[in-house]
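Asker: This is the structure, below, for whatever I ask next.
Nothing in this text is a laboratory measurement; each read-out follows from the coordinates by a stated rule. Just so it is clear, the model here is predicted, and its values are computed rather than measured. Cβ placement follows ideal geometry from the backbone for every residue including glycine, while neighbour counts extend to all protein chains displayed.
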Amino acid sequence: MDVVALIGSLIACVVMAGVAALTGWRLDAVSQRGGGSDDYFWVGFGGVVVITGVGVAGGSAGGPGAVLVGVVGVAVTTAMVAWSVRRHDRRNRASVRAERTDAWAELRARHGEVLRRWADYDLDPAKAIHHPGMHDPRHPVGQPVIRALRAADAAHGGDDAPDVERYAAAVDRLEQAFDTAESRLATPGTGRAARHRALPL
């Protein structure tokens, strides 16, 4: 085998590996900045064109060197694509986890705010006296709130595998139930008198 051709093939292999690494790095940079599909295409296309050109030049002498160049070209291109896709998928999964974590924290804050407002009707003497029905599970005002509170607590579950969608729906229902209850308490006839009418004689 011609030594010069072999050296040329080896150099071509090294160059192809370098181009593949550079292209993979550029694809990862596109992923980091949230580039569009056109960005991925042109970066990847440019890298493949260069790798192919170097491979053709390096394997032009034929023989085992051409086979080596072909194998290396396919291998480095495949590795470049696989690495870039894996990095992109990992980044997307991390982004989704971060978004779900943020959403979970926001839902917990909203849940806690309703709990604080609900507790005021028990801890604030004036509210406790004038609106005792808010904490009464038999009262038509307090009953929906207490049910919604229990449902939100159940939907919260644990933090190991949170079901954000289920918890979000429960918190939405809780906020609606509490707002409705406060609206009814602000209407004459839904306070202490309504509580007495709701209790069995």
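Asker: For Ala152, what charge total do you get from the other residues with a beta carbon under 11 Å from its beta carbon, if Lys and Arg give +1 and Asp and Glu give -1? Working shown, then result.
Answerer: Numbers: positive: Arg108, Arg110, Arg147, Arg150, Arg166, Arg173; negative: Asp153, Asp172, Glu175.
Surrounding charge for Ala152 is +3.
Asker: Mind checking the angle between helix 142-156 and the chain's longest principal axis? C-alpha axes, 0 to 90 degrees, to the nearest 10.
Answerer: For 142-156 against the chain, the angle is about 20 degrees.
Asker: Pick from Pro132, Pro144, Pro64 the residue whose mean-square fluctuation is largest in a GNM of the chain, springs joining Cα atoms under 10 Å.
Answerer: Of Pro132, Pro144, Pro64, the most mobile in the Gaussian network model is Pro64.
Asker: Going toward the positive end of the dipole of region 1-93, with +1 on Lys and Arg Cβ and -1 on Asp and Glu Cβ, which of Val43, Gly73, Leu27 do you reach last?
Answerer: Working it through, the farthest residue towards the positive pole turns out to be Leu27.
Asker: Now for a separate question. Distance between Cα centroids, region 52-119 to region 1-45: provide it in whole Å.
Answerer: Region 52-119 and region 1-45 have Cα centres spaced 17 Å from each other.
Asker: What does the charge count around Arg117 come to, taking other residues whose C-beta lies under 13 Å from its C-beta (Lys +1, Arg +1, Asp -1, Glu -1)? All intermediate terms of the calculation are to be shown ahead of the outcome.
Answerer: Working: positive: Arg110, Arg116, Lys127; negative: Glu113, Asp120, Asp122, Asp124, Glu175, Asp179, Glu182.
Here the count lands on -4.
Asker: Using just the helices of the chain, give the 222 nm mean residue ellipticity in deg cm²/dmol: DSSP H runs with n ≥ 4 each add -39,500 (n - 2.57), and the total is spread over all residues, rounded to 500.
Answerer: On the way: 7 runs with 163 residues, N = 201.
Estimated from H runs of four or more residues: -28500 deg cm²/dmol.
Asker: Okay, next question. What's the angle, to the nearest 10 degrees (0 to 90), between helix 63-123's Cα axis and the longest principal axis of the chain?
Answerer: 10 degrees
Asker: Find out how many positive minus negative residues lie around Arg90, taking Lys and Arg as positive, Asp and Glu as negative, among other residues whose Cβ is under 13 Å from that of Arg90. Can you show the working numbers first?
Answerer: Numbers: positive: Arg86, Arg87, Arg91, Arg93, Arg97; negative: Asp28, Asp89.
Summing Lys/Arg as +1 and Asp/Glu as -1 gives +3.
Asker: A follow-up question, please. How far apart, in nanometres, would the label points at Val14 and Asp179 be if each is projected 7 angstrom from Cα along the Cα-to-Cβ direction?
Answerer: Taking the two extended label points, one gets 6.9 nm.
Asker: Between Ala169 and Asp38, what is the label-point separation in nm under the 7 Å Cα-to-beta-carbon projection?
Answerer: So the two model labels end up 4.0 nm from each other.
Asker: Give, to the nearest whole percent, the P(r) tail of the chain beyond 32 angstrom, counting all Cα pairs.
Answerer: Numbers: 10643 of 20100 pairs.
The answer is 53 percent, as a whole percent.
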